[in-house]
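Undergrad: Encoded as structure tokens, here's the structure I'll be asking about.
The values are calculated or read from the model by the stated rules, or taken from the named source; none is laboratory data. Just so it is clear, the structure is predicted and the values come from calculations on it, not from any experiment. Virtual Cβ from ideal backbone geometry, glycine too; neighbours counted across all protein chains shown. When the accessible area is computed, the model is the full protein with side chains, heavy atoms only, and any ligands, DNA or RNA have been set aside. Shrake-Rupley method; radii C 1.70, N 1.55, O 1.52, S 1.80 Å.
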2 protein chains.
Amino acid sequence: MQFHLDGFRPGDPAVAEPAAGAPPREMPAEVPAEVDVLVVGCGPAGLVLAAQLAAFAGIRTAIIDEKPGPLRVGQADGIACRTVEMFNAFGFAERVLRESYWVNETSFWKPDDADRARISRSGRIQDTEDGLSEFPHVILNQARVHDFLLERMRDAPTRLAPHYARRLDGLDVAGAGQGASHPVTATLRRLDPGHEGEVETVRARFAVGCDGARSGVRRALGLALRGDSANQAWGVMDVLAVTDFPDIRLKATVHSAREGSVLVIPREGGYLVRLYIELDKLGENERVAGRNIGVEQLIAAARRILHPYALEVREVAWWSVYEIGQRLSDRFDDLAGDEGDDGVDARVPRVFIAGDACHTHSPKAGQGMNVSMQDSFNLGWKLASVLLGRARPALLRSYSAERRAVARELIEFDRAFARMFSARPRDPDDPDDAGVDPAGFQDYFVRQGRFTAGTATRYQPSLVTGADTHQQLAHGFPVGMRFHSAPVIRLADARPMQLGHVVLADGRWRLFAFAAAGDDAFAGVRGLCDALFAGPDAPLRRHARPGEDADALIDLRAVLQRPHRAVSLSDAPAALLPRKGRLGLIDYEKLFCADPRDDLFDARGIDRARGCMVLVRPDQYVAHVLPLDAVEALSAFLGGVLLPAD
Amino acid sequence: MQFHLDGFRPGDPAVAEPAAGAPPREMPAEVPAEVDVLVVGCGPAGLVLAAQLAAFAGIRTAIIDEKPGPLRVGQADGIACRTVEMFNAFGFAERVLRESYWVNETSFWKPDDADRARISRSGRIQDTEDGLSEFPHVILNQARVHDFLLERMRDAPTRLAPHYARRLDGLDVAGAGQGASHPVTATLRRLDPGHEGEVETVRARFAVGCDGARSGVRRALGLALRGDSANQAWGVMDVLAVTDFPDIRLKATVHSAREGSVLVIPREGGYLVRLYIELDKLGENERVAGRNIGVEQLIAAARRILHPYALEVREVAWWSVYEIGQRLSDRFDDLAGDEGDDGVDARVPRVFIAGDACHTHSPKAGQGMNVSMQDSFNLGWKLASVLLGRARPALLRSYSAERRAVARELIEFDRAFARMFSARPRDPDDPDDAGVDPAGFQDYFVRQGRFTAGTATRYQPSLVTGADTHQQLAHGFPVGMRFHSAPVIRLADARPMQLGHVVLADGRWRLFAFAAAGDDAFAGVRGLCDALFAGPDAPLRRHARPGEDADALIDLRAVLQRPHRAVSLSDAPAALLPRKGRLGLIDYEKLFCADPRDDLFDARGIDRARGCMVLVRPDQYVAHVLPLDAVEALSAFLGGVLLPAD
């Protein structure tokens, strides 16, 4: 954490100085008439977007929700490793790790070979493969995730708070040339006591629908979710129960011979557990709502499936019954009729949808909340960059392209996983049985581990993702995938830390220079530092505004091969000890050395002879891998996304 | 973290349900007329005590301070490993680690051999030896430590908040037989605008003076600080500066040849640094106050000492000048004329002093705040146990005995360290030079590392600390020293964690049973579980009140030698899967297995053949090490401290 740059300030460093014009801690009752971004919906996608936008003093955001106040009990609860990485960028990963259940292992239960009316454990695996992420896979009530994001918004310079009890009644986007600066007009209806029915009109530069599967924003864009309707019913319940099932505190998949399946997800706090229970097959036109399933039926089904173990439910904290359906929207923005990101179409999207508004799937793979938050994390920095005049508006076209591809993969995965999960286990004594082989299910589960951890996402080459021409310089930082953190030692204070943890959700790009071998500890890096700043067209000068810190938009860091005690800070290029802020203080946190106990040059396959540059997007994805001397290529790439400073 | 035991409750689990009669979030303006404990002083000692007492719904505490509100800029800033362990017991270690500077290495600078007018680096060492604690040594503004403790108080069931702007005007303890229930009477004078001069009278069962070196409570007890007056002046300043001194982000001791010494302590946030600067020798009757030293002189001295490096101070956040003096009070309570803890004297102390009120020393070893907080951590659970009727009142006599011995050690250490630090470095070209050998200083520093980390404290045998008769069963858990955490795997959920982190600041004792070798994974533990609960006089029955959870006062945990996948939860003795709370839920967090990657049976020298019991006090100190079958000895020991349940 860095603070005190512009002078010592007492108090909690997590609470930013309020921006000029920021509202006081209590939001005024009325939604502002004009904003930069209107976010519709206070779910995970909406709150991640709002938390990201709130960090920028120059951006006015409003976020609304139909509900009267913050969520108190959750729906989703799975938090993938990749999501914890993102939470770390927002500054609250520690709190999530402290409070959550950690998914360390998964166990598999199937009909016992000797007595198929009983279940027995068939396997037990580590949940997340070693080294996949520096963070574990955890489980935490969605409501608490909301709390942390709301806290980030509240402590941000803009002191952003939601306007609850607002229903979106209409959304209109002006045609080209009309209402140029704020082309989106939203009509909101107040639902709060004393104001019921009052109408507010908000004009916005951009609007984002994070308003769930029945999204009003999506409807206003004329888009529909397409895909399977569901034909299987599942129940879910969060319970406090007493049981002799020995894996009640492990994530466990339980396939009974004839009674269906249960997925056991232990919850935070040591006592609560979530059970996903397969109900029986639904007919084509038979819907859950028509079947009057109650929690008693869920409990009874769970007890039959877990036989011979007892399950005594003492309290039900929350429950629901739902149908599985995998559905996807054609586009995630308002640029109808075009899927490309080729820059040929000069139109700029003005309205976006994210999360359940554009893709729905079953909850059992624990992906919904995670993918939704990654949607808006992808969008947030792009909107901010364009609004702040730092990036070309065409950047906004990459959101739909990038995230729709992820959602499509998710839906394919979910379809296969749900089918696998719902299938009857094969009877080993019946060679003709068409059921699923339990060992096969476990294998599938292991293979898909990276996908469910959220670390498999790979964005295709585009305006914001380079080609992998130089991938061999750093195998472990695949272009288009999230920057995979690794341990380093910070040079100035000898602190062991994670390199990836310098990538904060602050809208900045990071340029990591990995030193080449040579007599000079800074081999390759020294020349790069010069070239990056040499002349007005050098990439780190061209995009820098007068008076701002050298790292305000692109944050240069270097990682050296030598052990930290073998490097002298006095030898460092000035660009790596930049002077910043009102007082011209030196920032000592740009220089790192490999940690000899776990050398990241080895761990990430970095070419020791040549070194390399790795450019990382504000959402933590690798934008480019380049040779240390490829400043022109870097310049060309950055020039394609970013605007020169005016 | 455990929660939801008595039913699901939404919201932040760190905020306890308010106790009946707990004040609302804003404390009423008046100090209550009658309390169980009156804490005088909102420094680190007072706040740790208040945070500890606030955790008990049945205890009424008031804490007052002369200042008009919370501290905003700090004085102390060093946080020893042992203190972070204590913070972890209070639940905010993560937040301290996130925000603080980590002291990873210390560097040593001395006059350059070639040119003694310049300084050069003579050595560089790891600050804390490997394995000393699972936590690092960190630096953080005292004001932030206060903030975290105030937050713990506010979120506790009793919703405790300080009453600021109160000066202690008088303190009186009634003689034996008089005012029996609340023998302490304190007279407070309000200093807050609109109430200046108003007098409040508070009657208390106990009062604790955490009111600093000029303690009014100490004065009321007729005790004095005895010891050296100071004859050396030091200056301290927190500055934002620009320098080319390469170790400005390392803890560094700098001894110049003729200009004195500087201690460099980098501070949190990446930019701030604290410099302790030796001023020149004072004459016997010459005092700092009489010398008109200003911050400009401190800066000038630092510049001379750091030559040839430049130091440009851009902002001074805080500064002070002080004299070194090591002084100690004869007793830390009101039982004049008796140092013993032998139980012969049946009197119960009613007034205590803690922190600077009973010991003062120089700040450079970074011990003041740490030792003060450990004082009141030692006292807090004892007061709570006696007030709640769980422990014999004689327990309170151990506070002065235990903590005065620690303070005496600290003062001896500080005297030697300060002398060493202030001495002129020896000139290698002058064999008769009486100065200090720089290598000797560095050696001394290394040897004292455990002391400064706060992990060297060892309480002598007493009512609450057993004899080390069976120490050979667990060499690494020395009786009387803090329970040294080690990694384990929690059986029920396969979670890798630190065993010591189950010892929370909740006033409970922990009994760890380390399994013996044998065919049964629970060898030795199974028999112990039976014996601990067998019959009304068995130790875990005798002290248990009807209706309370089995672990309410003594929390039994077991650690097995086998890897966790080789142990079945179904084989566990019922005492290790206790049913708790309103709903009779099973607590799954009592059972651990050695982590094969770092086996604690090896790391802590536990006798694998015999296993052992380790009893840990509520303040994390090892009270006893006993064979697994020594239930009678355990019973006798516990019976000496705890009262049978009535």
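Undergrad: Which residue pairs have Cβ atoms under 8 Å apart, sit 6 or more places apart or on different chains, and have a first residue in the stretch A:496-519 that is open to solvent by 40 Å² or more (accessible area, probe 1.4 Å) and a second that is of a type in the set (S, T, N, Q)?
TA: Cβ pairs passing all conditions: A:496/B:104; A:498/A:485; A:501/A:88; A:501/A:485; A:517/A:561.
Undergrad: Let me ask something additional. Is there a residue being of a type in the set (Gly, Ala, Ser), outside any loop (DSSP other than H, G, I, E, B) and open to solvent by less than 10 Å² (accessible area, probe 1.4 Å) anywhere in the stretch B:524-534?
TA: Within the stretch B:524-534, none of the residues are of a type in the set (Gly, Ala, Ser), outside any loop (DSSP other than H, G, I, E, B) and open to solvent by less than 10 Å² (accessible area, probe 1.4 Å).
Undergrad: On to the next question. Name the one entry in B:186, B:161 that is in a loop (DSSP other than H, G, I, E, B) and small (Gly, Ala, Ser).
TA: None of the others qualify; the one that does is B:161.
Undergrad: Filter the stretch B:565-579 down to the residues that are more than 10 Å from residue B:521 (Cα to Cα) and within 10 Å of chain A (Cβ to nearest Cβ), then identify the one that is least open to solvent (accessible area, probe 1.4 Å).
TA: Going residue by residue through the stretch B:565-579, those that are more than 10 Å from residue B:521 (Cα to Cα) are B:565, B:569-570, B:573-579.
Still in the list and also within 10 Å of chain A (Cβ to nearest Cβ): B:565, B:569-570, B:577, B:579.
Numbers: B:565: 118, B:569: 20, B:570: 78, B:577: 36, B:579: 145 Å².
Here the answer is B:569.
Undergrad: Of the residues that make up the stretch B:320-330, is at least one open to solvent by less than 20 Å² (accessible area, probe 1.4 Å), modelled with pLDDT of 90 or more and within 14 Å of another protein chain (Cβ to nearest Cβ)?
TA: no
Undergrad: Turning to a different aspect of this structure: Is it true that some residue in the stretch B:602-609 is open to solvent by less than 20 Å² (accessible area, probe 1.4 Å), at pLDDT 95 or above, more than 14 Å from every other protein chain (Cβ to nearest Cβ) and not in a strand (DSSP E or B)?
TA: No, that holds for no residue.
For every residue, the table says whether it meets (1) surrounded by fewer than 20 Cβ atoms within 10 Å (Cβ to Cβ); (2) in contact with a Gly (Cβ under 6 Å, 6 or more places away or on another chain); (3) of a type outside the set (Ser, Thr, Tyr).
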| position | (1), (2), (3) |
| --- | --- |
| A:49 | no, yes, yes |
| A:52 | no, yes, yes |
| A:68 | yes, no, yes |
| A:88 | no, no, yes |
| A:92 | no, no, yes |
| A:122 | yes, no, no |
| A:132 | yes, no, yes |
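Undergrad: Against the definition (out of contact with any Lys or Arg (no Cβ under 6 Å at 6 or more places or on another chain), hydroxyl-bearing (Ser, Thr, Tyr) and open to solvent by less than 10 Å² (accessible area, probe 1.4 Å)), how does residue B:61 come out, yes or no?
TA: Against the criterion (out of contact with any Lys or Arg (no Cβ under 6 Å at 6 or more places or on another chain), hydroxyl-bearing (Ser, Thr, Tyr) and open to solvent by less than 10 Å² (accessible area, probe 1.4 Å)), residue B:61 does not qualify.
Undergrad: I would also like to ask the following. Which residues, counting only those in the stretch A:96-106, are open to solvent by less than 40 Å² (accessible area, probe 1.4 Å) and facing another protein chain (nearest Cβ under 9 Å)?
TA: If the condition is that a residue be open to solvent by less than 40 Å² (accessible area, probe 1.4 Å) and facing another protein chain (nearest Cβ under 9 Å), then A:97, A:99, A:100, A:101, A:103, A:104, A:105 are the ones that fit.
Undergrad: Sort out which residues of the stretch B:610-646 are part of a helix (DSSP H, G or I) and among the hydroxyl-bearing types (Ser, Thr, Tyr), and write them in order of number.
TA: Answer for the stretch B:610-646, where residues must be part of a helix (DSSP H, G or I) and among the hydroxyl-bearing types (Ser, Thr, Tyr): just B:635.
Undergrad: Take the residues in the stretch B:222-278 that are out of contact with any Asp or Glu (no Cβ under 6 Å at 6 or more places or on another chain), open to solvent by 10 Å² or more (accessible area, probe 1.4 Å) and among the basic types (Lys, Arg), then tell me which one is nearest to the other protein chains (Cβ to nearest Cβ).
TA: Ranking the candidates gives B:251 first.
Undergrad: Quick one: would you say residue A:402 is open to solvent by 10 Å² or more (accessible area, probe 1.4 Å) and touching a strand residue (DSSP E or B) at 6+ places or on another chain (Cβ under 9 Å)?
TA: So residue A:402 fits the description; yes.
Undergrad: Quick one: residue B:77 ticks every box in (1) within 19 Å of the chain's Cα centre (by Cα); (2) surrounded by fewer than 19 Cβ atoms within 10 Å (Cβ to Cβ) except a single one, so which number is it?
TA: So residue B:77 meets the others, but not (2).
Undergrad: Just checking, which of B:20, B:33, B:14 is touching an Asp or Glu at 6+ places or on another chain (Cβ under 9 Å), surrounded by fewer than 18 Cβ atoms within 10 Å (Cβ to Cβ) and away from every other protein chain (no Cβ under 13 Å)?
TA: Exactly one of B:20, B:33, B:14 is touching an Asp or Glu at 6+ places or on another chain (Cβ under 9 Å), surrounded by fewer than 18 Cβ atoms within 10 Å (Cβ to Cβ) and away from every other protein chain (no Cβ under 13 Å), namely B:33.
Undergrad: Let me ask something additional. Looking for whichever is surrounded by 16 or more Cβ atoms within 10 Å (Cβ to Cβ), at pLDDT 85 or above and either within 30 Å of residue B:294 (Cβ to Cβ) or of a type in the set (Lys, Arg) (or both) here; the options are B:351, B:313. Which one fits?
TA: Being surrounded by 16 or more Cβ atoms within 10 Å (Cβ to Cβ), at pLDDT 85 or above and either within 30 Å of residue B:294 (Cβ to Cβ) or of a type in the set (Lys, Arg) (or both) holds for just one of B:351, B:313, which is B:313.
Undergrad: Can you report the number of residues in the stretch A:453-489 which are part of a strand (DSSP E or B) and crowded, with 22+ Cβ neighbours inside 10 Å?
TA: Number of matching residues: 5.
Undergrad: Still on this structure: For the stretch B:134-142, check the following and say yes or no: at least one residue is part of a helix (DSSP H, G or I) and surrounded by fewer than 23 Cβ atoms within 10 Å (Cβ to Cβ).
TA: Yes, the stretch B:134-142 contains at least one residue that is part of a helix (DSSP H, G or I) and surrounded by fewer than 23 Cβ atoms within 10 Å (Cβ to Cβ).
Undergrad: OK, next. Check residue B:491 against each of (1) in contact with a Pro (Cβ under 9 Å, 6 or more places away or on another chain); (2) within 14 Å of another protein chain (Cβ to nearest Cβ) and name the one condition it does not meet.
TA: (1)
Undergrad: Of the conditions (1) in a loop (DSSP other than H, G, I, E, B); (2) closer than 30 Å to residue A:443 by Cβ; (3) at pLDDT 95 or above, residue A:128 satisfies every one except a single condition; which number is it?
TA: (3)
Undergrad: For the stretch B:582-596, enumerate the residues that are more than 8 Å from chain A (Cβ to nearest Cβ) and over 11 Å from residue B:499 (Cβ atoms).
TA: B:582, B:590, B:591, B:596
Undergrad: May I pose another question? Can you tell me how many residues within the stretch B:417-473 are farther than 22 Å from residue B:484 by Cβ, modelled with pLDDT of 90 or more and not hydrophobic (A, V, I, L, M, F, W, C)?
TA: 0
Undergrad: Out of all the residues in the stretch A:143-159, is one or more in contact with a strand residue (DSSP E or B) (Cβ under 6 Å, 6 or more places away or on another chain) and open to solvent by 20 Å² or more (accessible area, probe 1.4 Å)?
TA: no
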